[in-house]
Amino acid sequence: MSGVVEGRTGPWEMVIGLEIHAQVTSKAKLFSGAATAFGAEPNTQVSLVDAAMPGMLPVINGYCVEQAVRTGLALGAEIKLFSVFDRKNYFYPDLPAGYQISQFSQPVVGHGTVVIDLKDGSTREIGITRLHMEMDAGKSVHDLRADATHVDLNRSGVALMEIVSEPDIRSPEEAGAYVRKLRSILRYVGTCDGNMEEGSLRCDVNISMRRPGEAYGTRAEIKNVNSVRYMMKAIEYEAERQVEILEDGGSVALETRLFDARTSTTRAMRSKEEAHDYRYFPDPDLLPLELDAAWVESLRAGLPELPDAKKARFIEQFGLSPYDAGVLVAEQDSAAFFEAVAAGHDGKLAANWVTGDLFGALKKAGLGIGQSPVSVDRLGGLIERIQDNTISGRIAKEVFEIMFESGRDADTVIAEKGLKQVTDVGAIEAVVDQVIADNPDKTAEFRGGKDKLMGWFVGQVMKASKVKANPQMANQVLAKKLKG
Amino acid sequence: MAIDKATVLRIAQLARIEVKDEALDELAGELNGILAWVEQLGEVDTEGVAPMTSVVEVKLPRRDDHVSDGGRRDDILANAPEAEDGFFVVPKVIE
Amino acid sequence: MSALTDLTLAEARAGLDKREYSAVELTRAHIAAVEAARPLNAVVAETFDRALAGAAASDQRLGAGEAGLLEGVPLGIKDLFCTEGVRSQACSHILDGFKPTYESTVTRKLWAAGALMIGKTNMDEFAMGSSNMTSHEGPAINPWRRSGDNRQLVPGGSSGGSAAAVAARLCLGATGTDTGGSIRQPAAFCGLVGLKPTYGRCSRWGIIAFASSLDQAGPLTRTVRDAALMLRAMAGHDAKDSTSVDTPVPDYAAALGQGVKGMRIGIPAEYRVDGMPDEIEALWRKGADWLKAAGAEPVEITLPHTKYALPTYYIVAPAEASSNLARYDGVRYGLRLKGEDLRDMYAKTRAAGFGQEVRRRVLIGTYVLSAGYYDAYYLQAQKVRSVIARDFKQAFESVDLVLTPTAPSAAFAIGEKMDDPIAMYLNDVFTVPASLAGLPAISVPAGLSADGLPLGLHLIGKPFDEETVLRAAETLEEAAAFRAKPAWLEDGGAP
């Protein structure tokens, strides 16, 4: 779906802003020493602070501060040396203190930018409004009993970075590209594992529709989208819903809606509160967060090469297409794997093998790049045999499959299976002579001017040689003998 | 900025404190009395004054990232009015 | 009253060292006093078994020469402190039955120093009050009475039960907490020494929060030396409290006996408030004279924004309280009332669980933080607070201490001042400014009113300069030679 919906009365443009909650990959929570591991038994990773017992006080996890600053730096954003923790007050059973500690008026990270990569190889800049630190709430479970809600506080107090985009996104595809890119950056700097299924990366969508070029309309907020695919579906549904309302002369309600993955629709939350009034004020249990400029600079210097820089370098250094480079740099491990394979080999060939056969086989086997049965060296070995004409590209695919299944190296597979390419002119001539002798009709047709049969002859030679004949040599010999 | 009954009701709802209708007038009167009294703060010239964030002149201390708490579910649930299967239990919430 | 309960904490501690009596005997004497003083309603939970078991252990340590600073000393602990396995309810209905599974840092330090808990003391609900009248357990009674008048008086508040207990000789000292005067005002009302340390000196961890930027624990004792001893055990950095300050704890008692020679004592003109009783003004002047006679130099100073301290306090403290008290929602501990749904459960539980004054302050606090009012009320109040703190900072460039009265009146009768919240709030007019600035301050019993009730003088010091505060307090104590005793000790409450 493009970003424009054609209504009965003309086109409507989507205006989308995303709020991403990224869980900091810390061992302990933001304000307590309880663990953050996913999937623990209810209320077993809860400290007295997380349960808001009377008299309990928060103490901030310095590692989480560091990760928020590193993320801000990776987003090219302004780092605020003075920021403040505020209390956001509201009542909910999974918010034990009755307030969430967050950063409201003075967040730790200000304006930044994310460059998104689109399918056609083009890029767009999406503005980041801010990044702030906050604690997660617990989890309410509504389906254990018909008459009650159960509350698990394991997540209560887990460190989150809320990353708010400008309303710069204009289509579901852009929204998807934005989340994928942000996820990639977070994983590069190691500040969030980006796991959407486990909720380490969550996404709230703000969407409104407007006539192209006109002022923003009223937005709805969609919660509960826990994959990029669902987010795109939610946007599609919501855009259509809003256009229908607007074309009927109605107005979109400023409200929070929930995405239902089963039906791919959104619905208004039933527990409508009175207009929210969060009564933010600085948390008196915490002092302002003051950062040392030199410390921030040392974090900046310690950042790894980020996806955009790496992509540019791959294009420049290995002559890759922007698309291939984009695919390779999405994950740091893949990029590193590629770079190691490409060392000493043809970069483009290496890129084709990594993004093609290797990624395909890994995906089919459900493995990550780190678990690849074909190591960097072995894939390099295979590419070497292509480059030195020991095997053809086509045989190489067969060799790769065996390598992937058996874990053996290319030379062993080639030797065992006798797949070494035939480059002996005499041997190829013998096969060509046989093919010509076996097919007098076709030979006559060719000689009568039907040039197109050349391909058929090459196929026959390859078949007769069990695909081992060097294709260029087969071509040359055939051309000479058929015309001769 | 006088508070009327509707405002008292709104504030009471925000604070999740039930106030009976018949108590609203008296409460509005009390709150207005207090607010009228604190309004004198408007007299103070605070141009260019930073609001107090803390009376202590120290930096926010930071913890190391290691797990030092948790694994005490019995402690956490010990005082709960209702608990079941390791969860706190509250009246049904409809989202 | 026995001879053992009439000892000061320092005397009792010395007697234990000399084995003149055992910790068990000392404890038993105080248990008997608590039992006899039940009509005062000063103690809301008696922990005699625990105190006796602790006393037996203290006797062993005393015998082994391993005694701590407060070894074997029975103390009262304000119900605001979380004490493991013992009710800790801030004298609020909403914390019904709450027994923490943890121990506050301050009480943990006291037990580590060998002190014993004889009981939890009564207080204004969630420390909101200046009379102990807002306690869900009913008012604590001041052991003092006006001469020729049998009406029951309030002990002040919010640490009213602690003050009543120490004044009635139910314990050798007690913990209090002070947010706007909650240690100093009851100390003044009950003829005691009450010390509010610098904000950040004692850990707030495990103390049920009222207003986090102001709350500070401190001792209520019968002498300045006792306060110095207790503070030493209570104070110290705590990594679990981000506002706790990491600075060494001095031997406060060692600072005593050095007098005030050469000190400059600020007398702030703005504390001469309208309607202040002459006898309080006279006592204030007397206090300045005593210090002068001891070699200090009283200096007129100005703290120009004093009159704005109280309204500032009554915005900042309720705002913080409205948020701090949001956790009392019937989900994890304490009272829960049935409701039609979750929201109704919250509203009914909190309406029933909080008393009138707490409800009032939570509503005020909610209002001043709400959209559209935050800037005019809360933000302006925090700016004025900065201005008030700056006034003190400037004053302390030329003086070592500031001397004021502790409260604008002596103890009043139960039922008085109850109709008008602001009249009640005015009790804290002299104590609140130091709270807003986070400064250490002490109330010392300095004389009696015309009708025979104790009056206190108030010294405010520089941040973390409790030693100078205590030194000057001792000078006032010696000069005042306050020896009067509450009527309760004479007649046990019988007229």
Residues whose modelled amide H sits under 5 Å from the amide H of A:Ser200, counting only those 5 or more places away in sequence or on another chain, are A:Asn195
Rounded to the nearest Å, the spacing of the alpha-carbon centers of the range A:96-144 and the range B:49-95 is 22
Normalised Cα Rg of chain C, dividing by 2.2 N^0.38 Å with N its residue count, works out at 0.91
Expressed in angstrom and rounded, the centroid-to-centroid distance over alpha carbons for the range C:1-48 and the range A:1-68 is 53
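What longest range of chain C stays clear of loop-exposed GluC sites (Glu not before Pro) (DSSP non-H/G/I/E/B, at most 15 other C-beta within 10 angstrom)?
Numbers: sites that count: C:Glu20, C:Glu66, C:Glu84, C:Glu340, C:Glu397.
Between the exposed loop sites, the longest stretch runs C:85-339.
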One computes Rg over Rh for the range A:86-162 from alpha-carbon atoms, with the Kirkwood Rh, and obtains 1.18
In the neighbourhood of A:Arg8 defined by beta carbon distances under 12 Å, the net charge of the other residues (Lys, Arg +1; Asp, Glu -1) is -4
Across 5 Å bins beginning at 0, the whole-percent shares of Cα-Cα pair distances in the range C:394-495 come to 2, 11, 18, 19, 17, 15, 10, 5, 2, 1, 0
Relative contact order of chain C (C-alpha contacts under 8 Å, at least 6 apart) in percent is 17
Row for the range A:380-484, column shape: gyration tensor on C-alpha, a ≥ b ≥ c, rounded if a/c < 1.5 i.e. under 1.5, prolate if a/b over b/c, else oblate; value prolate
A:Arg180 and A:Glu247 label points (each 7 Å along its Cα→Cβ direction) are spaced in nm at 3.0
Compactness check, chain B: C-alpha Rg relative to the 2.2 N^0.38 Å globular estimate gives 1.81
Over chain A, the sum of -39500 (n - 2.57) across DSSP H runs of at least four, divided by residue number and rounded to 500 deg cm²/dmol, gives at 222 nm -12000 deg cm²/dmol
Taking Lys and Arg as +1 and Asp and Glu as -1, residues besides A:Glu416 with C-beta under 15 Å from its C-beta add up to +2
Applied in sequence order to the range C:94-101, the curve 6.51 cos²θ - 1.76 cosθ + 1.60 (Karplus, θ = phi - 60°) yields integer Hz couplings, x standing for Gly and Pro, of 5, 9, 3, x, 6, 10, x, 9
Rounded to one decimal in nm, the spacing of the 7 Å Cα→Cβ label points at C:Gln394 and A:Asp292 is 3.5
Residues whose modelled amide H sits under 5 Å from the amide H of C:Gly452, counting only those 5 or more places away in sequence or on another chain, are C:Ser147
Largest first and rounded to whole Å, the semi-axes √(5λ) derived from the alpha carbon gyration tensor of the range A:425-483 read 17, 11, 10
Karplus ³J(HN,Hα) for the range A:438-449 (6.51 cos²θ - 1.76 cosθ + 1.60, θ = phi - 60°; Hz, whole; x = Gly/Pro) runs 6, 10, x, 4, 5, 5, 5, 4, 4, 5, x, x
Amide H contacts under 5 Å for C:Ser203, restricted to residues at least 5 apart in sequence or on another chain and with H modeled in the peptide plane, are C:Gly236
Quick P(r) readout (the range A:305-417; Cα-Cα; 5 Å bins; whole %) gives 2, 13, 25, 24, 19, 11, 5, 1, 0
Under the rule rounded for a/c under 1.5, else prolate if a/b exceeds b/c, else oblate, using alpha carbon gyration tensor axes a ≥ b ≥ c, the range A:241-378 is classed as oblate
Distance in nm between B:Glu57 and A:Asp346 label points, each 7 Å along Cα→Cβ, equals 7.1
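Assigning unit charges at the beta carbon (Lys, Arg +1; Asp, Glu -1) and nothing else, what dipole magnitude in debye, to the nearest 20, does chain C show about its Cα centre? The partial results should precede the final answer.
Numbers: 51 positive and 57 negative charges, 120 e Å.
Approximately 580 debye in magnitude.
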Expressed in angstrom, Rg and Dmax over the Cα atoms of the protein assembly as shown are 38.0, 142
The ³J(HN,Hα) series, computed from each phi in the range C:196-205 with the Karplus coefficients 6.51, -1.76 and 1.60 at θ = phi - 60°, rounded to the nearest Hz and given as x for glycine or proline, is 9, x, 4, 4, x, 6, 10, 5, 8, 4
Going from the fewest other Cβ atoms within 10 Å to the most, one would list A:Ile116, B:Ile94 as B:Ile94, A:Ile116
In cubic angstrom per residue, the convex hull of chain A built on its Cα atoms measures 220
Relative contact order in percent for chain A (Cα pairs under 8 Å, 6+ apart) equals 14
Normalised per residue, the volume inside the convex hull of the alpha-carbon atoms of the range A:253-329 in Å³ amounts to 254
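Could you put A:Ser392, B:Ser68 in order, starting from the residue whose Cβ has the fewest other Cβ atoms within 10 Å?
Fewest-to-most Cβ neighbours within 10 Å comes out as B:Ser68, A:Ser392.
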Cα-only Rg/Rh for the range A:223-298 with Kirkwood Rh rounds to 1.22
Given the candidates A:Leu286, C:Tyr374, A:Phe400, the one whose Cα lies deepest towards the positive end of the charge dipole of the protein assembly as shown, counting +1 at each Lys or Arg C-beta and -1 at each Asp or Glu C-beta, is A:Phe400
Relative contact order as a percentage, the range C:1-55, C-alpha pairs under 8 Å and 6+ apart, gives 39
Most exposed first, judged by fewest Cβ atoms within 10 angstrom, A:Phe314, A:Phe82 run A:Phe82, A:Phe314
Extend 7 Å from the Cα of A:His142 along its Cα-to-C-beta direction; within the range B:59-91, residues with backbone N under 17 Å of that point are B:89-91
For the range C:295-397, listing trypsin sites (Lys or Arg not before Pro) in a DSSP loop whose Cβ sees at most 12 other Cβ atoms within 10 Å gives C:Lys338
With a Förster distance of 35 angstrom and the Cβ-Cβ distance between C:Asp344 and C:Ala376, calculated FRET efficiency to the nearest 0.05 equals 0.60
In whole angstrom, the spacing between the Cα centers of the range C:305-364 and the range C:130-160 equals 24
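Any read-out appearing in this document is the output of simple, stated calculations on the displayed coordinates, not a laboratory observation. Here the structure is a predicted model, which means the values were calculated and not measured. Neighbour counts run over all protein chains shown; Cβ positions are idealised from the backbone, glycine included.
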